[in-house]
Amino acid sequence: MALIVQKYGGTSVANPERIRNVAKRVARYKAMGHQVVVVVSAMSGETNRLIALAKEIMPEPDPRELDVMVSTGEQVTIGMTALALMELGIKAKSYTGTQVKILTDDAFTKARILSIDEANIKRDLNDGYVVVVAGFQGADANGNITTLGRGGSDTTGVALAAALKADECQIYTDVDGVYTTDPRIVPEARRLDKITFEEMLELASQGSKVLQIRSVEFAGKYKVKLRVLSSFEDEGDGTLITFEENEGNNMEDPIISGIAFNRDEAKITVLGVPDKPGIAYQILGPVAEANIDVDMIIQNTGADGTTDFTFTVHKNEMNKALSILRDKVQPHIHAREINGDDKIAKVSVVGVGMRSHVGVASKMFRTLAEEGINIQMISTSEIKIAVVIEEKYMELAVRVLHKAFELEEA
Ligand code: ADP
Ligand code: ASP
Ligand code: MG
């Protein structure tokens, strides 16, 4: 007997018929003698609908109230899933994040899980229940409802698996595993039987939304056995995230495992600031204090005693960052110009094989140059090269890079 956490995404619970299918799969696992915890997302489109409703009332919604609203999507699907299980004669019980006691910090709309009280779930499982938990939500120390950021149900699933010491966490979605890139953009993309934890972390952090990055972080920290599978197919082993050391030294190993992209970032440029110690801190300190995450950062070599500074933030936070810079920072730094650009995209190639191969960067840059795609920013890590380009070239860039690195189906 194993304890398994199964997470079902929005398209997998999009209507009553699909929820019945979820219940049938859970029933099969129960029949094999396993204990099952189910985590569900809201029905597909529901979270977007709720955000749009909030924006109709307040264009930049108060984050606490927004979380109160968007968390309702998952409250509907836990009830429906529990009902569907009962209809199959299976004992089932639903829990919201608050009912479980999923404690988070108070960063509304992007809260982090601090702890999970597993006592009630354990008791129900031992009494023969399937426990159905709402993804994406928790509560802070004062009982305020919080949500975990878009795609956050993945993180609920993996965090529960860690807290319950589950044997496996299965992420059921609308594709049958992790591909070399999003198969919606490149139909020739290839499914990977397995991928190293390190590569998955990098792909997720660079924008592959098949898994939310925090779910991968949890899996790494607590060594959760994590698998991505299709909820529309009964066969298939999907993609396993592995922890075995694979240094990519094997000649047959691919150099690049996958390509990620992200259109959610915006670029902020601060031109003509004094080139002196402390300037980066003066610019980025207030941005960090406002809890705005900064991704790429570039500072130019100074000339004439001044320099330029460029960084990226989430598109949703560009205006907030710009007003902090203009109101709070500009009086001290006297920049010549402060600009925002949200028509950008980031494209990244990822692979542990890069460690032992040279020339990956030059191949990437040559491939983009041949298509006339201008690179605006570059950042690298041991296993990743990321570039910022104009948004309209993003899909083209992904396709030509996928071909150049020979990632297609054999
Ligand atoms: P869910 O609602 O089940 O959480 P998501 O839409 O969040 O599903 O994530 C699944 C989607 O992720 C796929 O439909 C696919 O378009 C996209 N995706 C992006 N990159 C990849 C990749 N490398 N492999 C598989 N799917 C990917
Ligand atoms: N429903 C939430 C979202 O759409 C959480 C999730 O689906 O993982 O982002
Ligand atoms: Mg998702």
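The values are calculated or read from the model by the stated rules, or taken from the named source; none is laboratory data. These numbers come from a predicted model, not from an experiment. So basically every Cβ, Gly included, is an ideal-geometry build from the backbone, and we count neighbours across all protein chains shown. In case anyone asks, the SASA skips ligands and DNA or RNA and just uses the protein heavy atoms, side chains included. Shrake-Rupley method; radii C 1.70, N 1.55, O 1.52, S 1.80 Å.
Here are the numbers for this structure:
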read-out	value
Label-zone membership for region 285-306, site M58, 7 angstrom Cα→C-beta point, backbone N under 15 Å	none
In order through region 231-240: 3J(HN,Hα) via Karplus (6.51 cos²θ - 1.76 cosθ + 1.60), integer Hz, x for Gly, Pro	7, 9, 10, 8, 9, x, 9, x, 10, 9
Accessible area expressed per residue, the chain, with surrounding protein chains retained (probe 1.4 Å, Å²)	47
Largest-first ordering by accessible area, 1.4 Å probe, given options H332, H357	H332, H357
Contour excess over end-to-end distance, with Cα ends at M86 and D167 and 0.36 nm allotted per residue	26.7 nm
When region 149-290 is reduced to its Cα atoms, the Kirkwood hydrodynamic radius in Å	17.2
Contour excess over end-to-end distance, with Cα ends at R123 and E406 and 0.36 nm allotted per residue	96.8 nm
Charge-dipole axis of the chain as Lys and Arg at +1 and Asp and Glu at -1 on Cβ define it, positive-most pick from G285, V216, T47	T47
DSSP-defined antiparallel bridges as percent of all bridges, the chain, nearest 5	60
Chain lengthening between K225 and A31 when straightened (0.36 nm per residue, less Cα-Cα)	67.7 nm
With eigenvalues of the C-alpha gyration tensor scaled by 5 and rooted, region 361-408, Å	15, 15, 10
Alpha-carbon Rg/Rh ratio, for region 295-383, with Rh computed the Kirkwood way	1.05
Partners for K194 among lysines (Cα-Cα distance below 28 Å; same-chain residues under 8 apart left out)	K7, K24, K30, K165, K209, K221, K223, K225, K346, K363, K384, K403
Average silhouette area of the chain, convex hull of alpha-carbon atoms, in square nanometres	21.7
Largest-first principal axis extents, alpha carbons of region 113-164, Å	32, 24, 16
Spacing of the two label points (7 Å from each Cα toward its C-beta) at K315 and N374, in nm	2.1
Estimated FRET transfer efficiency when R0 is 22 angstrom, pair T269-H332 (beta carbons, to 0.05)	0.80
Quarter of the Cα convex hull surface for region 209-356, i.e. its orientation-mean projected area (nm²)	12.9
Viscosity 0.692 mPa s, temperature 37 °C, Stokes-Einstein D of region 292-346 from Kirkwood C-alpha radius, µm²/s	265
Rg/Rh ratio calculated on Cα atoms of region 31-168 (Kirkwood radius)	0.99
For the chain, calculated [θ]222 nm from helices alone, where every DSSP H run of n ≥ 4 adds -39500 (n - 2.57)	-10000 deg cm²/dmol
Kirkwood hydrodynamic radius over Cα pairs of region 21-109, then Stokes diffusion coefficient at 25 °C and 0.890 mPa s, in µm²/s	166
Carbon plus sulfur fraction of accessible area for the chain, probe 1.4 Å, in percent	50
Mean Cβ neighbour count within 10 Å, used as a protection proxy, ranking 11-17, 53-59 highest first	11-17, 53-59
